[in-house]
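A.B. asks: Please read through the structure below; I'll follow up with questions.
The values are calculated or read from the model by the stated rules, or taken from the named source; none is laboratory data. Just so it is clear, the structure is predicted and the values come from calculations on it, not from any experiment. With ideal geometry, Cβ positions are generated from the backbone for all residues, glycine too; neighbour counts draw on all protein chains shown. Just so you know, the surface numbers come from the protein's heavy atoms only, side chains and all, with ligands and any DNA or RNA stripped out. Shrake-Rupley method; radii C 1.70, N 1.55, O 1.52, S 1.80 Å.
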Amino acid sequence: MADFELSEEYQDLSNTVREFADEVVAPVSAKHDEEHSFPYEIVSQMADMGLFGLPFPEEFGGMGGDYFALALALEQLGRVDQSVAITLEAGVSLGAMPVHRFGNAAQKEEWLPLLASGKALAGFGLTEPEAGSDAGGTKTTAKLGGGEWVINGNKEFITNSGTDITKLVTVTAVTGQEERADGSIKKEISTILVPTNTPGFKAEKAYNKVGWNASDTHPLTLNNVHVPEENLLGTRGRGYANFLSILDEGRIAIAALAVGAAQGCVDQSVKYAKERSAFGQSIGKYQAIAFKIARMEARAHTARLAYYDAAARMLAGKPFKTQAAIAKMVAGEAAMDNARDATQVFGGYGFINEFTVARHYRDSKILEVGEGTTEVQLMLIARELGL
């Protein structure tokens, strides 16, 4: 990837998902968006294609690929439907990946084949009403006794948490605390696997969102939820650190999705600018339109290189936290800026929800917020600079 050229294997995957996105996903996107309905039939077909298993080993039912393969698939899906793309992204990088990265042999054997198959989804229970960017503000508690964890608390904005095929949510919870030398209290935060059929676990009413209307998102209530002690995921007290590492990887995936959205706006605008006529010629002949679309293409291209670079570093075992933050920030802003400009190119039609650019305009804002706000990315970048 040193020259940013895709290998034949990567290119074939990208082409296959692009064709699926154009021929299968795009025709039903407006319907699911309008109805706020989860696209079960699309998810089932993505499962059959092996997309949910892309970065997981074959021994656990995966495709034996890597994280960059997942990113390429997300980019192609993101061009036409961000809701479908985020369903895959969250299902893999946030739902299944914690089990793969930190699970013991028994946990991997129980959960990974199911999640990699795409026949079941898992959620990532980090955010709370008062703990978003400041995840260290976690208030959900898990108390150990009699060989069980008893969990109480609330989670917010959890993707894939309430579908008919959601089987697991991994939650962060305070499992203890210690007093520091200065008298302050340090929370011990751990991660625990919670099957969704556990008594006391409840996915509350789905949010009425601005965008991502076909994506499943709920607040969660955990009321005296009892799970076995062995449902602890990873080392006790390492839950917060482990989830931060998951978010570092996830920023590459969400950047790829955002690049797809940015490119989708370019593609739609080019097509429309060639077809739409005003004052005797296609509107693409006017520099006001042509230059706007050219700038959109430059944003998408730059953001793509940023996530390619972060992914290459990750796969090479090199530090990539800063590059992932840059990619996530640049790509999220590119998606939002391109959606705004595409809506302007389309004029009145850009304000009609059945058009892809209108959905991108509503969908893209969350790309500057979810999985780490733009401000958090700037904080991470500045910290790396020693500021």
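A.B. asks: At Glu375 and Phe279, where each label point lies 7 Å from the Cα along Cα→Cβ, what is the point-to-point distance in nanometres?
C.D. replies: Each label point is offset 7 Å from its Cα along the Cβ direction, giving 4.2 nm.
A.B. asks: Here is a further query. Which peptide among 319-328, 78-87 comes first, and what is the full order, when sorted by highest mean count of other Cβ atoms within 10 Å?
C.D. replies: Descending mean neighbour count gives 78-87, 319-328.
A.B. asks: Follow-up. How are the C-alpha pair distances of the chain spread across 20 Å bins, as whole percents from the shortest bin up?
C.D. replies: 29, 57, 14, 1
A.B. asks: Per DSSP helix of 4 or more residues, -39500 (n - 2.57); summed, then divided by the residues of the chain. What does that give at 222 nm, rounded to the nearest 500?
C.D. replies: Helix contribution divided over all residues of the chain: -15500 deg cm²/dmol.
A.B. asks: OK, next. Quick check for you: with a 1.4 Å probe and neighbouring chains kept, what is the accessible area per residue of the range 33-183, in Å²?
C.D. replies: Dividing the accessible area of the range 33-183 by its residue count gives 37 Å².
A.B. asks: For the range 258-322, build the convex hull from the C-alpha positions and give me its volume per residue in Å³.
C.D. replies: Once divided by residue count, the hull of the range 258-322 is 71 Å³.
A.B. asks: Something else: Tell me the net charge near Pro219. Cut-off is 11 Å between Cβ atoms, Pro219 excluded, with +1 for each Lys or Arg and -1 for each Asp or Glu.
C.D. replies: 0
A.B. asks: For the range 301-366, what size does the Cα cloud have along each of its three principal axes, sorted from largest down, in whole Å?
C.D. replies: 48, 19, 14
A.B. asks: Could you compute the FRET efficiency for Ala288 and Glu58, with r as their C-beta to C-beta distance and R0 at 45 Å, rounded to 0.05?
C.D. replies: 0.30
A.B. asks: Suppose the chain between Asp66 and Glu34 were pulled fully straight at 0.36 nm per residue; how much longer would it get relative to their current alpha carbon spacing?
C.D. replies: 8.1 nm
A.B. asks: On each of the three principal axes of the Cα atoms of the range 1-120, give max minus min coordinate, whole Å, ordered largest first.
C.D. replies: Each principal axis gives a Cα extent; for the range 1-120 these are 42, 39, 19 Å.
A.B. asks: Can you check what the Kirkwood hydrodynamic radius comes to for the range 114-256, Cα pairs only, in Å to one decimal?
C.D. replies: 15.8 Å
A.B. asks: Using a cut-off of 14 Å between beta-carbons, work out the net charge of the residues near Arg180 (Lys and Arg +1, Asp and Glu -1, Arg180 not included).
C.D. replies: With Lys, Arg at +1 and Asp, Glu at -1, the neighbours total -2.
A.B. asks: Ok, one more. Report the local net charge at Ala253: Lys and Arg +1, Asp and Glu -1, summed over other residues whose C-beta lies under 13 Å from its C-beta.
C.D. replies: Residues close to Ala253 contribute a combined charge of -4.
A.B. asks: Name the residue, out of Gly91, Gly234, Gly264, whose mean-square fluctuation peaks in a Gaussian network model built on the chain with Cα pairs under 10 Å.
C.D. replies: Looking only at Gly91, Gly234, Gly264, the biggest GNM fluctuation is shown by Gly234.
A.B. asks: Also: Give me the percent of accessible area attributable to carbon and sulfur for the range 268-363, probe 1.4 angstrom.
C.D. replies: 56 percent
A.B. asks: Would you give the gap between the C-alpha center of the range 1-46 and the C-alpha center of the range 226-288, rounded to a whole Å?
C.D. replies: 13 Å
A.B. asks: Let me ask something additional. Give the calculated FRET efficiency between Lys209 and Tyr349 to the nearest 0.05, with a Förster radius of 30 Å applied to their Cβ-Cβ distance.
C.D. replies: Between Lys209 and Tyr349 the formula returns 0.85.
A.B. asks: Taking a ≥ b ≥ c as the square roots of the Cα gyration tensor eigenvalues, with a/c under 1.5 meaning rounded and otherwise prolate when a/b beats b/c, else oblate, which class fits the range 230-387?
C.D. replies: Prolate is the answer for the range 230-387, as a/c is 1.5 or above and a/b outweighs b/c.
A.B. asks: Cα gyration tensor of the range 35-78, axes a ≥ b ≥ c as square roots of the eigenvalues: rounded (a/c below 1.5), prolate (a/b > b/c) or oblate?
C.D. replies: oblate
A.B. asks: Over the Cα atoms of the range 219-314, what Rg and Dmax result, in angstrom?
C.D. replies: Using the Cα atoms of the range 219-314, the pair Rg, Dmax is 22.7, 73 Å.
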